[in-house]
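The structure appears right after this line, and notes come after that.
The values are calculated or read from the model by the stated rules, or taken from the named source; none is laboratory data. Since this is a predicted model, take the numbers as computed values, not measurements. Note that we place each Cβ from the backbone using ideal geometry, even for glycine, and neighbour counts take in every protein chain shown. Heavy atoms of the whole protein, side chains included, go into the accessibility calculation; ligands, DNA and RNA do not. Shrake-Rupley method; radii C 1.70, N 1.55, O 1.52, S 1.80 Å.
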Amino acid sequence: MGKNEERTDIPGLADVEAYYEDRGNGHFRSSIHAQGAWNEREQHMGPASGILAHCLAQHEPREDMRIARISFEILGMIPGGDFEVVTSTIRPGRTIELIQAEFVAGGRVAIRAQAWRLITSDTSSISAIEDPSIPPRDECVVWNGSDVWPGGFIRSIDSVHASTHRPGRGTAWIRPTVPLIDGVDTPDWVRLIGVADATNGIATRVAPGPDSWIFPNVDLQIHMYREPAGEWLGIDNSVSFGADGIGLTSSIFHDEDGPFGRAEQILTLRKGPGQS
């Protein structure tokens, strides 16, 4: 089997054309579409981020507030199959709240997400954005991420790249092609969060793989000064590798109306097992 061919015999996965099956009371089951790139039996952080964002959005929602920042800490392997999301309020408040969602599988917390939910108000008279725009999708070329990365999640996204794209620095637009949860409508911003982690694979400095290097991220930090909308996530992406085994992927995020926020991922850089 080639590295990017799909396995269909992995036990315990949901048979749905979505990333997740909702099993009720905070319990979910992942499908092959949520499969990760580093291990065929784990989930990709992309849709896992999306399901945590969905649960945070559902936790004691208030119409006068919105989530402005989500911090995801990856505490270990994210197993495919059944898991539970447990939500709580860490810091309640009238205008500022800190809420939390934990991804629990096999009795272990695999991801902990915390989100600042802030009061909204009309600040249109002073609104201004300094982040630069990126080329629109119709000026980009189709890119097949499965030529570089294995896994069901990568196969589930459409992507295009700008002509200036190069290793370590690039611009892309990506979108999911299946729903986050089978039979459930989710807000645009939640679906976009569900592909945000893919930014670490958009403009890799080196080709990933056992004969090269591996560079998984251990976190994902997303700040949104505007709530995004639409199907496509635009990514203005840069990747830096330090000399002591640590790297950083930084991105400015866009929707069809322009920039809306930023994301960063700290990386652990390691030689692939095939390197001598």
**Prompt:** Just a yes or no: is a residue in region 84-91 within 28 Å of Gly234 (Cα to Cα) and of a type in the set (Asp, Glu)?
**Reply:** no
**Request:** Please determine, by comparing only the residues of region 227-246 that are in contact (Cβ under 8 Å) with a residue 40 or more places away in the chain and over 19 Å from His165 (Cα atoms), which one is most open to solvent (accessible area, probe 1.4 Å).
**Result:** Glu231
**Item:** Residues being open to solvent by 20 Å² or more (accessible area, probe 1.4 Å) and modelled with pLDDT of 95 or more - total across region 32-43
**Value:** 2
**Subset of region 130-145 [exposed (fewer than 15 other Cβ atoms within 10 Å of the Cβ) and of a type in the set (A, V, I, L, M)]** = Val141, Val142
**Request:** Give me a count of the residues in region 19-30 that are small (Gly, Ala, Ser) and surrounded by 24 or more Cβ atoms within 10 Å (Cβ to Cβ).
**Result:** 1
**Asked** What are the residue pairs meeting all of these: first residue in region 15-37, first residue of a type in the set (S, T, N, Q), second residue buried (at least 24 other Cβ atoms within 10 Å of the Cβ) and outside any loop (DSSP other than H, G, I, E, B), Cβ atoms under 6 Å, and 6 or more apart or on different chains?
**Response** Ser30/Tyr20; Ser30/Gln43; Gln35/Gly152; Gln35/Phe153
**Complete:** Filtering region 104-124 down to residues that are within 18 Å of the chain's Cα centre (by Cα), open to solvent by 70 Å² or more (accessible area, probe 1.4 Å) and not charged (D, E, K, R) yields Trp116
**Asked** Which residues, taken from region 258-276, are open to solvent by less than 20 Å² (accessible area, probe 1.4 Å), over 13 Å from Trp232 (Cβ atoms) and touching an Asp or Glu at 6+ places or on another chain (Cβ under 9 Å)?
**Response** Pro259, Gly261, Ala263, Gln265, Gly272
**Prompt:** Of (1) within 21 Å of the chain's Cα centre (by Cα); (2) modelled with pLDDT of 95 or more; (3) open to solvent by 40 Å² or more (accessible area, probe 1.4 Å), Val148 satisfies all except one. Which?
**Reply:** (2)
**Fill in**
Note on Asp255: of the conditions (1) crowded, with 16+ Cβ neighbours inside 10 Å; (2) within 17 Å of Pro47 (Cα to Cα); (3) touching a residue at least 60 places away in the same chain (Cβ under 8 Å); (4) touching a strand residue (DSSP E or B) at 6+ places or on another chain (Cβ under 7 Å), unmet is (2)
**Complete:** Within region 164-202, residues within 17 Å of Trp38 (Cα to Cα), among the hydrophobic types (A, V, I, L, M, F, W, C) and touching a His at 6+ places or on another chain (Cβ under 9 Å) come out as Ala198, Ile202
**Message:** Kindly evaluate Gly201 against the criterion of being of a type outside the set (Val, Ile, Thr), farther than 30 Å from Asp15 by Cβ and surrounded by 17 or more Cβ atoms within 10 Å (Cβ to Cβ).
**Reply:** no
**Asked** Could you list, in sequence order, the residues of region 157-195 that are of a type in the set (S, T, N, Q), over 21 Å from Ile222 (Cα atoms) and modelled with pLDDT of 95 or more?
**Response** Thr177
**Fill in**
Of the residues in region 94-109, those that are in contact (Cβ under 8 Å) with a residue 40 or more places away in the chain and of a type in the set (Gly, Ala, Ser) come to Ala101
**Counted residues, region 173-185 - those being without any contact (Cβ under 8 Å) to a residue 40 or more places away in the chain and either among the aromatic types (Phe, Trp, Tyr) or open to solvent by less than 80 Å² (accessible area, probe 1.4 Å) (or both)** = 1
**Asked** Conditions: (1) open to solvent by less than 10 Å² (accessible area, probe 1.4 Å); (2) assigned to a helix (DSSP H, G or I). Gly170 meets all but one. Number of the miss?
**Response** (2)
**Residue satisfying all of: in region 81-103; farther than 15 Å from Ser49 by Cα and of a type in the set (Asp, Glu); most open to solvent (accessible area, probe 1.4 Å) among these** = Asp82
